[in-house]
Structures are given as structure tokens and as C-alpha cells.
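In what follows, a structure is listed as C-alpha cells, so that the remarks can point back to it.
The values are calculated or read from the model by the stated rules, or taken from the named source; none is laboratory data. Computed from a predicted structure; not experimentally measured. Here the Cβ positions follow ideal geometry from the backbone for every residue, glycine too, while neighbour counts run over all protein chains shown.
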Amino acid sequence: MNSDNLGDTCSYQYEEQYNLRPHRLTSGYNETTSYFETESCCNTNSQGIEASVIRIDRLGKFNEFLETCDISPVKCLTESLEKSSERTKRRYLSKANTCITALLNTICPDDSEFVKKSLFGDQENDKNKTTSSLLDAIVRSYMVANTSTLRRQLLSIATNDYSFAEVSASIPGLSHYKFYSAKKHAQNIGLGVLAQTSKIPRSKINDGQLDHFLDFITSNHLIKDLPIGEKTLQLSTGELIQTPNVIRSIAPATIIRQYTQLCEDENIQPLGTSTMYKILTDCSASVRQSMEGLDYYISEGSRAFTDLTETVEQLDLTLDEKKKTLDNLVVAKHYLKTDFKLHVNRSSSIADHCCSYALSEEKGPFCQKCDDHSHTDECQQCCFVDETLSFILKSAIERHWDNPEAVLFKVEKAIADIYEWKSHILR
């Protein structure tokens, strides 16, 4: 190999190692295009660096001016002020105001405030004029509004930008309640937005539901004996109707509770509670404080519970046992007066509730067998009554009385009268 070839080989290896030759582009660009692109990128970078240098130099000279005015220097922002935090915004805006004031004091030492107001006062005045005209329009509309709802809507617009003192100065007699009600309206519903009120239409009473309820309140469960006299019922049309003056044995609240329970058992939609109270008020019944002469079973049964209450007060029981027994007597009496009537049926698996079993005789023409069902179930409430009466009788027997025969006769007679009352209700 001669020296020329050796030199060419070394030159090629050197260029290949350090990549001194420009690369050829396969997409159609030549070497000249690649060169100009590289040169353009370098120019752009150099321009950015030059602008940054100029800006830093300008900031440095500005800080020199601030130093002569005894003002701390301004630091260069690394990001846009609009994207900075609220604290940074407040700090730089305050610094800008201080710098502008220093500059105006340098240019016009005696008229800096005048120049400042001339430059920035017009925008502030325009803003004040706009807000003042808005408040005036709201006040004029508020004064001519016909309803309190419309006035609250209009006032809600002003509560967003004005205080109570500012608004009350324009609206005489404005109370704190009205102002803050409007402010609450603006927060919950919106500024000047009409509150949507849901209308609840009144529906007519279904005739089937009404007949079912009237049948219930005129049944033998609630009406006692024959009516006494008549009463006049005035309809909404002005028509007068003569109705029997009946006697009910249960209070209206208990009637409605029993009827609601009956409808749940029979899967029937009842009338509204207020509607039932209205019907009971219009179809009122006489109230008798004593049942003497009307139903001796009821009067004797009520007197029996009173006698047992007096006896329990004298028993040797603890305070908790005595209180529990007295409460049980009240519950038992309430059960016989109200819910027991609804439990009674012509045929039932509970002996105390089965009319066919209770009204039949063991032998004779009135004997009736319950072949279609058996009495295997028990009623918890009826068992509760039996247990309460048995506990009182047992406690009375165990206590030492001065006249035990009289006390035990009183207790046994009271218990017998209660069971007679229960049998009478079943009959």
C-alpha cells in the first residue's frame, strides 16, 4: 500500500470516528437544507439568551433606581404572575404600586397623586358608577314589587355585592331578617332565581274507602247499645240531615289506630289520617262518663280493675314489682276495651277468639263443633291478661290480712267480673 492510499484510509477512519461529515437525508433534503436548519435553531437560541440577558440587565438597573428610593429590590419571576399563588399576586401587586408611586414622585414630585388619579381614577369611577346604577335599579324594582317572594328575589341580587349597611341606606325599613333571608335564597337557589314550589293537588275521597271507614265506625265494636235521641248534621251544600246520636266507647285516636291496623291486615289502602279525624269530628258521637244503665258488664269490669289496683297498692311487693303490676293492669284493661274486639272471629285457631267455640255448649241443642279447625294457638295478649290476674291473686293469698276472707272475695270477684266482661265482648 502506497502512502496516498494510506493517507486516504486514515482520513476516512478519522471522519468516521468523529462524524465530521454531514449526514445525507433520505427524505429529499440535501446537505444545504440540513445546514440552514441547524443555523436557524442556533439563531433562535441565541436570540432567547440575548433577550434574557437584556431583561436581567434592565431589572438590575431598575433595582438600582429602587435602591436610590430606599425600596427593596424586585425579584425576577420564574413563572407567569397569573398562574402564581394568591400570596405571590398580592405581594407583587403591592410592590408594583410602590414602584409606580416612586416613579411618579421622581417625575412629578409635587403632583404624584394627581397624576395617579388621572391615570387610574377613571376606571374606578366607571366601576363605581356601574355598581351604583345596578343598586339603584334593584331598589326601584324592590319598592314597586307586589309580593314578598319577588322582593326576596330582587334583594338576593344585591346581597352578593353589597353589605346590609349599604343596602339598608337605600331601602328604608329593611330588616336584618329580610336581608339575610335573601342572602340565603342566593346561596341555596341562586341570584334572582324563582323558587320552584311543588303543587300538591287535592284528590277526591274514594267512595269505596269512605264506605269502608263508615262501616267500621258504625259497627258494634265501637257503638254501644241504642242511640239516644238525634242530632243534626249540616252538609257543605247547606242541607240538614237528622242522624242518630250514637255512643262510642273508644277515643278517636284509638279508632284510627285500630282501623289502620285492620287495613294493613286486609291489605287495604286507608284514608288519610287527617281525613279520618275530620270525618270523626263531623260525625261526632256522645260521650258518657259512666256506663251505668247502658252496659253493666262494662261498668262492672271497669270497677273490677279499680278494685284490683287498690289491692295491689296494699300487697307486700317491692316498688319495681308494684309499679310493673299496676302498669300491666292498665295494659290489660286497654286491650279488653280496644284490640280484643278486632281479634274475635267466627272461626279461629285461638280458643279465646273463636265465636263458634265460645258460644257453644258441651251438650244440648246449642252444641257446635269446630270440625274445620283446631284450637292449638295462643294469643300473647290474652295470656298476658291471664298471667297478670293470676299473679295478683297469688300475691293476695300469700299476704297476711286482718280480714283475709273479705280481701280474697274482693279479688276473686274482681277477676270473675273481668272475665265476664271479656265473654260479653265476645258475645
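Among the residues of segment 231-244 satisfying the criterion of being part of a loop (DSSP other than H, G, I, E, B) and not hydrophobic (A, V, I, L, M, F, W, C), which is surrounded by the most Cβ atoms within 10 Å (Cβ to Cβ)? Give the steps one after another, and end with the answer.
Of all residues in segment 231-244, those part of a loop (DSSP other than H, G, I, E, B) come to 235-239.
Narrowing the set further to residues that are not hydrophobic (A, V, I, L, M, F, W, C) leaves 236-239.
Numbers: S236: 6, T237: 5, G238: 6, E239: 8.
Only one residue fits best here, namely E239.
Look at segment 161-174: where a residue is closer than 15 Å to L134 by Cα and a partner is β-branched (V, I, T), sitting 6+ places away or on another chain with Cβ atoms under 7 Å, you get D161/T131; S170/V139; I171/V139.
Restricted to segment 46-85, and to residues there that are over 23 Å from L104 (Cβ atoms), surrounded by 10 or more Cβ atoms within 10 Å (Cβ to Cβ) and of a type in the set (S, T, N, Q), the residue that is modelled with the highest pLDDT is S84. Annotation note: Cβ proximity below 8 Å between a residue of segment 380-399 that is without any contact (Cβ under 8 Å) to a residue 24 or more places away in the chain and a residue that is part of a helix (DSSP H, G or I) (sequence gap 6+ or interchain) occurs for L393/V411; L393/E412; L393/I415; I397/L408. Of all residues in segment 210-223, none are in contact with a Ser or Thr (Cβ under 7 Å, 6 or more places away or on another chain), surrounded by fewer than 14 Cβ atoms within 10 Å (Cβ to Cβ) and either under 30 Å from Q258 (Cβ atoms) or at pLDDT below 75 (or both).
Looking at segment 274-305, which of the residues that are among the hydroxyl-bearing types (S, T, Y) and surrounded by 12 or more Cβ atoms within 10 Å (Cβ to Cβ) is modelled with the lowest pLDDT? For segment 274-305, the residue satisfying everything is S286. Taking the listed residues Q187, Q153, Q209, the one that is closer than 30 Å to Q269 by Cβ, in a helix (DSSP H, G or I) and of a type outside the set (G, A, S) is Q209, with no other qualifying.
Of all the criteria given as (1) surrounded by fewer than 16 Cβ atoms within 10 Å (Cβ to Cβ); (2) at pLDDT 85 or above; (3) more than 35 Å from the chain's Cα centre (by Cα), the one not satisfied by N267 is (3).
Among the residues of segment 373-381, are any in a helix (DSSP H, G or I) and assigned by TED's automatic domain parsing to the domain that holds H334? Full working, then the answer.
Filtering segment 373-381 for residues in a helix (DSSP H, G or I) gives 380-381.
Within this subset, residues satisfying the condition of being assigned by TED's automatic domain parsing to the domain that holds H334 are 380-381.
The answer is yes; a qualifying residue exists.
Pairs meeting the criteria (first residue in segment 311-328 and among the small types (G, A, S), second residue exposed (fewer than 12 other Cβ atoms within 10 Å of the Cβ) and assigned to a loop (DSSP other than H, G, I, E, B), beta carbons under 6 Å, at least 6 apart or on different chains) are lacking.
Does L150 satisfy being of a type in the set (A, V, I, L, M) and either at pLDDT below 85 or surrounded by 19 or more Cβ atoms within 10 Å (Cβ to Cβ) (or both)? So L150 does not fit the description; no. Within segment 384-422, restricting attention to residues that are assigned to a loop (DSSP other than H, G, I, E, B) and out of contact with any helix residue (DSSP H, G or I) (no Cβ under 9 Å at 6 or more places or on another chain), the residue that is nearest to L317 (Cα to Cα) is H400.
Evaluate the following for T197: is it free of Cβ contacts under 8 Å to residues at least 40 places away in the same chain and within 30 Å of C263 (Cβ to Cβ)?
On the way: free of Cβ contacts under 8 Å to residues at least 40 places away in the same chain: yes; within 30 Å of C263 (Cβ to Cβ): no.
So T197 does not fit the description; no.
Taking segment 405-427 as the range and being loosely packed, with under 14 Cβ neighbours inside 10 Å and modelled with pLDDT under 80 as the test, the residues that pass are S423, R427.
With the requirement that a residue be surrounded by 17 or more Cβ atoms within 10 Å (Cβ to Cβ) and part of a helix (DSSP H, G or I), what does segment 245-262 give you? If the condition is that a residue be surrounded by 17 or more Cβ atoms within 10 Å (Cβ to Cβ) and part of a helix (DSSP H, G or I), then I255, I256, Q258, Y259 are the ones that fit.
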